[in-house]
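Notes follow once the structure below has been shown.
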């Protein structure tokens, strides 16, 4: 599904959904630590990107699976957040990560996309690939995220 198709499927209930997603991204220290940037934000779909850094590799020189999972979890989370009411946030309650091949390349993109939004639970999927190789995914994720009232989350 393309970004355009995703935008046709979902109408965010919060008119400032994009700004809220970007503000949430800016507050997450883990994304800065990993050098992750926002590639694009659409209703129900977020693309995050990062460059290869030797500090992100495991003992064989591949990008560590923990990094791949973190980026996809975050992309799925912000995709879900884009469809939440103004007074709600999301927390991941479960995810399944499939590592399809060793993560090699110089730049990577993780795309999170909402499959089914819900009042309480939202299901999203993620795909991570080296930039320019979208047809050869490195990892995939299925994530379940829970809507929570903002007042229930301490900053």
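Key figures for this structure:
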{"quantity": "Quotient of Cα Rg and 2.2 N^0.38 Å for the chain, N being how many residues it contains", "calculated": "0.99"}
{"quantity": "Ranking of 11, 70 by count of other Cβ atoms within 10 Å, fewest first", "calculated": "11, 70"}
{"quantity": "Between helix 65-81 and the chain: long-axis angle, C-alpha atoms, 0 to 90°, nearest 10", "calculated": "20 degrees"}
{"quantity": "FRET E, pair residue 136, residue 9, Förster distance 22 Å, beta-carbon r, rounded to 0.05", "calculated": "0.25"}
{"quantity": "Zone residues, segment 84-98, relative to residue 116, backbone N less than 17 Å from point 7 Å out along Cα-to-Cβ", "calculated": "93-96"}
{"quantity": "FRET efficiency, residue 18 to residue 98 (Cβ-Cβ, R0 25 Å, nearest 0.05)", "calculated": "0.25"}
{"quantity": "Max mean-square fluctuation residue, GNM over the chain, Cα-Cα springs under 10 Å, options 53, 135, 73", "calculated": "135"}
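The numbers here are math on the coordinates, done by the rules we state, and not lab data. Note that the coordinates shown come from a computational prediction; the quantities given were computed from them, not determined experimentally. Note that each Cβ is placed from the backbone with ideal geometry, even for glycine, and that neighbours are counted across all protein chains shown.
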